[in-house]
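The values are calculated or read from the model by the stated rules, or taken from the named source; none is laboratory data. Please read all numbers here as calculations on a predicted model, not as lab measurements. Here the Cβ positions follow ideal geometry from the backbone for every residue, glycine too, while neighbour counts run over all protein chains shown.
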Amino acid sequence: MATTERNFVHTVWDFFCSLKLTIFLLISLALSSIIGTVLPQGQLPPEYLAQISPVKLQIYSKLGFFDMYHSWWFIALLYIFSLNLISCSIKRLPHVIKFITEPTLVLGETMRNTFTLKKEIAFSTPIDAGQEKLAAFLGKEFAAPVISEHSGEYHLFSQKSAWSRLGVYVVHLSILVIFVGAIIGSLFGYKGFVTIVEGSSISSVEARNGKQIPLGFDLRCDQFSVAFYNTGAPKEFKSILTVLENGQPIKDFTNVRVVVNDPLTYKGITFYQSSYGQATEGGEHYFTMTPRTGGNTERFALRDGDAVTFKDGTTFKLLEATPEVRQFMPEFSGPAARVEVTIKGKSPQTFIVLKNYPEINAQRGDELTYNYEGSNAKMYTGLQVAKDPGVWIVWVGCTLMIVGIFVAFFMSHKRVWVIVSKGHARMYGNASKNQAGFQMQFEELAEKFTNLKI
Amino acid sequence: MTSSLLFNVTTLAYMASMIAFFAFLASKNKSLGLAGSVIAYGGLIIQTAAIALRWKESYDLGVGHAPLSNLYESVVFFSWTIILIFAFIDLKYKYRIIGAFVVPFALLGMAWAQLGLSTGIEPLVPALQSNWLLYHVVTCFLGYAAFAVACGISIMYLIKATHEEGNTTGSAGGIMSMFPPIKVLDDLNYRAIMIGFPLLTLGIITGAAWANYAWGTYWSWDPKETWSLIVWFVYAAFLHARFTRGWVGKRAAWLSIIGFAATIFCYLGVNLFLSGLHSYGK
């Protein structure tokens, strides 16, 4: 009974330590990750819901395909992956550490025969003097040796970058560190979103899960503006923000310029420029209408979607307005409105009325000419809000990963032995990686070794 | 002189280099192989000048930025990195014939960029106005290029290995004698991936750092991010496969080819078929 239990434990342990499991997990993670890039994630768009069959929808939902990267089975894969990493390291690390701390000082006959890099020289001086000279040679040309005496021979052992064998374990550890950082971030941090209308302030933000989270301070949007290139492409989205505590602006956090790629951080909470729009409150747009044949200019105000009918029966409807027309019509700038005008008895016409170009507006041949005078509408700025106390741990993990990969790939544990016997000495070399590169180094060393005057 | 002219010269140089390598393969004439390499290096120098000139031209237009901002510029840069990595492997390991399987990738990129993509210099949209753009794009593409080279080498491996299986007499004649031994190809494949994997890792990390700086999340499972991770998983599997019995040789070569296919999907497929944050403008 005890043996079967131990066997079972052994089998489980071997299973978690196996490299085959690692390959299986890596390929499974790769394949399963594809699902989330093909299917929509999170809130499903109505177009998608309309075209998918109910059975499929139910199966996919059950399998967690619509929030795949947080589904129980994907998280389980990541846990097994972590277990695999830990088990492999626990199994192999003690051997590696022993290898580093207790190197093979005396090179036995069988090991010698496995090495391809070797060189032999003869000398006539007594063995002790020869040993001293060779030790000095190794110390100067490679690394200071450890000297052992073994059955009438001296074994000089020197090594370089023994610790580079740990590189791969640093990489494994770094993955776990990143996971820890991510878990801390998800437990103690949040991601949210907030919109602030120009001139107003907010004291809480809405987290992704819909909860309102109080900030502990107020954030005011003083101004929002968009700048465009001549081509009409956006150049800059800019919010001017002020942090307030107890109604008082905080020095150094007053009138802060926040643009995309340049956020504002206060008390561990960071605000990122994300979106913008025209606030609905107070959104009046002002127009003038002038009859071409003379007569008084009439000034009127409209909200989005509203219409007005003039004395001659012409209807003027505001479809939409923008504070900057350049993004739609690169050759013009400034505010503009898209309107629909229906002259009595005719079909409706849609056109743009500009604020800065009355002469262009007048070019329309109709009896009535219109101008846009702008709006009292305010802009709002949309800010992503993030608090992530785990992020620095993630960066520590990333740094460890880079260092570990560099060590694991580009550094090798190089070992050189010189066995000094009466009348001759033999040198052997071995590297944990990149034998070809080490061979050149060894050959150089061997040449100096041959030319050594003992 | 304009950068556009120089890019056309580059394309022609890569085509000439490819033809020279193919002729080398068919004729076994060593001077043709040398010509293939020299022409490719000449093309690399001209392309370097062209990229620098395009950078300067963007400043002349008043929208100065590194030429890494849209699909055209990225494809051109990808070609440049492929030849750069090839040059490194060629000079270090001296198996010239690999050029016949790697230069075509660079030529394909240049030809597509010059003939099929819009070449205009555009101003940077706000999302890309960051120094992180340079670090992120350079590391990613150097990684991609190393994987392209590894893929070329793996194709050679599979051709040679298949040929040797069918031809047990061992006297590999004809074109096959031009290929390095399969052991060498297997080793070169590994070395190319050893260059690519750290660079891809750096590319993903710089991308995460930028995302965190600009949006407040270092990872949001955006399709591009996810696919870069998929590529990372495939090559991580490759690296572990080398220490596992039954996974060396042909399977490793296939993993390398699958890895490059995933890389190309990550680079182009995600933009063509999926939606997300990396849209290359329009």
Problem - Options B:F197, B:F233, B:F265; residue that is crowded, with 18+ Cβ neighbours inside 10 Å, more than 9 Å from every other protein chain (Cβ to nearest Cβ) and in a helix (DSSP H, G or I) - result: B:F265
Fill in the blank from the handout: When segment A:378-402 is checked residue by residue, the ones that are within 12 Å of another protein chain (Cβ to nearest Cβ), within 17 Å of A:P263 (Cα to Cα) and polar (S, T, N, Q) are A:Q384
Completion exercise
Among (1) in contact (Cβ under 8 Å) with a residue 60 or more places away in the chain; (2) away from every other protein chain (no Cβ under 14 Å), A:N296 falls short only on (1)
Exercise for the section: Considering every residue within segment B:144-165, establish whether at least one is part of a loop (DSSP other than H, G, I, E, B) and either more than 19 Å from the chain's Cα centre (by Cα) or of a type in the set (S, T, N, Q) (or both). Expected result: no
Exercise for the section: Give the residue that is nearest to A:N376 (Cα to Cα), with candidates limited to residues of segment A:311-322 that are touching a residue at least 24 places away in the same chain (Cβ under 8 Å) and loosely packed, with under 15 Cβ neighbours inside 10 Å. Expected result: A:L319
Practice task
Answer yes or no: is there a residue in segment B:18-39 that is in a helix (DSSP H, G or I), under 14 Å from B:W80 (Cβ atoms) and either out of contact with any Gly (no Cβ under 8 Å at 6 or more places or on another chain) or free of Cβ contacts under 8 Å to residues at least 60 places away in the same chain (or both).
Solution key: no
Exercise for the section: State whether one or more residues within segment A:207-216 are under 30 Å from A:Y69 (Cα atoms) and crowded, with 18+ Cβ neighbours inside 10 Å. Expected result: yes
Handout entry: Within segment B:48-94, tally of residues that are more than 18 Å from the chain's Cα centre (by Cα) and part of a loop (DSSP other than H, G, I, E, B)
Key = 7
Practice task
Could you identify the single residue in B:A208, B:A192 that is crowded, with 21+ Cβ neighbours inside 10 Å, closer than 22 Å to B:V137 by Cα, at the interface with another protein chain (Cβ under 9 Å from one of its Cβ atoms) and modelled with pLDDT of 90 or more?
Solution key: B:A208
Practice task
Just give me the residues in segment A:401-454 being of a type in the set (V, I, T), in contact with a strand residue (DSSP E or B) (Cβ under 7 Å, 6 or more places away or on another chain) and in a helix (DSSP H, G or I), in sequence order.
Solution key: A:T450
Problem - Yes/no for A:S203 being away from chain B (no Cβ under 13 Å), closer than 30 Å to A:I405 by Cβ and not aliphatic (A, V, I, L, M) - result: no
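With the structure loaded, tell me whether B:L124 is assigned to a loop (DSSP other than H, G, I, E, B), touching a Ser or Thr at 6+ places or on another chain (Cβ under 7 Å) and surrounded by 19 or more Cβ atoms within 10 Å (Cβ to Cβ) or whether it fails that test. Reasoning before the result, please.
Working: assigned to a loop (DSSP other than H, G, I, E, B): yes; touching a Ser or Thr at 6+ places or on another chain (Cβ under 7 Å): yes; surrounded by 19 or more Cβ atoms within 10 Å (Cβ to Cβ): yes.
Judged against the criteria, B:L124 is a match.
Out of the residues in segment A:162-214 that are assigned to a loop (DSSP other than H, G, I, E, B) and of a type in the set (S, T, N, Q), state the one that is nearest to A:V385 (Cα to Cα).
Of everything passing the filter in segment A:162-214, A:N209 is nearest to A:V385 (Cα to Cα).
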Exercise for the section: Check A:S71, A:S61 and return the single one that is more than 14 Å from chain B (Cβ to nearest Cβ) and either modelled with pLDDT under 90 or touching a helix residue (DSSP H, G or I) at 6+ places or on another chain (Cβ under 9 Å) (or both). Expected result: A:S61
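Yes or no, residue by residue, for (1) buried (at least 20 other Cβ atoms within 10 Å of the Cβ); (2) part of a loop (DSSP other than H, G, I, E, B); (3) free of Cβ contacts under 8 Å to residues at least 24 places away in the same chain; (4) charged (D, E, K, R):
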position	(1), (2), (3), (4)
A:V339	yes, no, no, no
A:T350	no, no, no, no
A:N356	no, yes, no, no
A:E359	no, no, yes, yes
A:T369	no, no, no, no
A:E373	no, no, no, yes
A:G382	no, no, no, no
A:A386	yes, no, no, no
Fill in the blank from the handout: Picked from segment A:77-111 (must be surrounded by 13 or more Cβ atoms within 10 Å (Cβ to Cβ) and hydroxyl-bearing (S, T, Y)), the residue nearest to the chain's Cα centre (by Cα) is A:S82
Exercise for the section: Mind listing just one residue for me: the one in segment A:388-398 that is touching a Gly at 6+ places or on another chain (Cβ under 7 Å) and not in a loop (DSSP other than H, G, I, E, B) and, of those, nearest to A:T288 (Cα to Cα)? Expected result: A:V391
Practice task
Could you grab me the full set of residues in segment A:108-149 that are outside any helix (DSSP H, G or I) and aromatic (F, W, Y)?
Solution key: A:F115, A:F123, A:F142
Handout entry: Unique residue being within 14 Å of chain A (Cβ to nearest Cβ), free of Cβ contacts under 8 Å to residues at least 24 places away in the same chain, in a helix (DSSP H, G or I) and in contact with a Phe, Trp or Tyr (Cβ under 8 Å, 6 or more places away or on another chain) when the list is B:L255, B:L239
Key = B:L255
Handout entry: Residues of segment A:29-40 satisfying the condition of being more than 7 Å from every other protein chain (Cβ to nearest Cβ) and surrounded by 19 or more Cβ atoms within 10 Å (Cβ to Cβ)
Key = A:I35
Exercise for the section: Considering only segment B:213-230, state which residues are of a type in the set (S, T, N, Q), facing chain A (nearest Cβ under 9 Å) and either under 16 Å from A:I405 (Cα atoms) or buried (at least 22 other Cβ atoms within 10 Å of the Cβ) (or both). Expected result: B:T226
Completion exercise
A:T114 passes all but one of the listed conditions (1) at pLDDT below 90; (2) surrounded by 12 or more Cβ atoms within 10 Å (Cβ to Cβ); (3) among the β-branched types (V, I, T); the exception is number (2)
Fill in the blank from the handout: Here the residues within segment A:388-430 that are of a type outside the set (G, A, S), over 25 Å from B:N212 (Cβ atoms) and surrounded by fewer than 19 Cβ atoms within 10 Å (Cβ to Cβ) are A:F410, A:M411, A:K422, A:H424, A:R426
